[in-house]
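For reference, the structure is listed below as structure tokens.
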């Protein structure tokens, strides 16, 4: 059995001189120290933008071919992956199948710590095997330390089955990074509370996952301009947002936009294509289907002779 690397050598485990004697500080001093350290997160993520962009391209290609984005992690990392995966369907009206997550310890670990499971390579491989990863999938493994056995094994299993793999970590030259096709490192430095990677490391991971999923969904055309057009209008707020989007993107007033949305079957993308291309609901729906839901491409397709059907 290989000896685990000394935790004290990891940046995320070192003591932070900026927060020395934290327990003697006032509430305002504590807040200022944490805030000052948090300001280092965005620059650390910025340095990893080229690798983040490569991962966005991988994910976009996978999803466009019917593949999946699968997050895997333990503890804070696993919960951040679960959060991002759970918010994608409501934000972009996608199938829950498209973005999934694995967390060591299962769903109960979302609310209760299950630290022991993160040391098991066997469990990591087993949980990933349940997902049946393949060549059209991208698996993103997150671990601030870059040494978590569960996550490393899960990533290695996915790669052995042909999936593309991405590592998100806060320590360079990690085993997790070496197991992946793309390594994203956000070197945020020591935590305010030594070893508490739910702080800066967790913030960095959240920022990176936001970029990966939002970037891929944007490339897939689920964003029009910078508007969240692929909405599922399930409540009053979202219905209002749908009407507002149509007002912003067309020359219609509020009443006209509401009527258009109703005529489009309460689908903002269909309504947009109908308005921008001057076509029927059926033609707009056909164009969206052909473009795999890419709104701007669907508008371009809809103006072609094959799709143009005048509204009666």
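The values are calculated or read from the model by the stated rules, or taken from the named source; none is laboratory data. Everything numeric here is computed off the predicted structure, so don't read it as measured data. Please note: Cβ atoms are built from the backbone with ideal geometry, for glycine as well, and neighbour counts cover all protein chains shown.
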Across segment 87-112, what is the number of residues that are within 19 Å of residue 128 (Cβ to Cβ) and either free of Cβ contacts under 8 Å to residues at least 24 places away in the same chain or not in a helix (DSSP H, G or I) (or both)? 13
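Restricting to segment 153-169, name every residue that is assigned to a loop (DSSP other than H, G, I, E, B) and in contact with a strand residue (DSSP E or B) (Cβ under 7 Å, 6 or more places away or on another chain).
163
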For segment 209-247, how many residues meet the condition of being crowded, with 20+ Cβ neighbours inside 10 Å, farther than 30 Å from residue 165 by Cβ and under 18 Å from the mean Cα position of the chain (by Cα)? 2
Test result for residue 168, touching a helix residue (DSSP H, G or I) at 6+ places or on another chain (Cβ under 7 Å), surrounded by 22 or more Cβ atoms within 10 Å (Cβ to Cβ) and within 20 Å of residue 65 (Cα to Cα): no
Residue in segment 113-121 that is assigned to a helix (DSSP H, G or I), in contact with a helix residue (DSSP H, G or I) (Cβ under 9 Å, 6 or more places away or on another chain) and more than 25 Å from residue 199 (Cα to Cα) present: yes
Checking residue 196 against (1) assigned by TED's automatic domain parsing to the domain that holds residue 74; (2) touching a residue at least 24 places away in the same chain (Cβ under 8 Å), only one condition comes out false. Which one? (2)
Among the residues of segment 248-270, how many are buried (at least 17 other Cβ atoms within 10 Å of the Cβ), within 27 Å of the chain's Cα centre (by Cα) and farther than 19 Å from residue 88 by Cα? 2
Given the criteria at pLDDT 95 or above and closer than 18 Å to residue 187 by Cβ, does residue 50 qualify? yes
Just to be sure, is residue 298 more than 21 Å from residue 88 (Cα to Cα) and free of Cβ contacts under 8 Å to residues at least 40 places away in the same chain? no
Looking at 201, 158, can you tell me which residue is buried (at least 21 other Cβ atoms within 10 Å of the Cβ) and farther than 21 Å from residue 61 by Cβ? 201
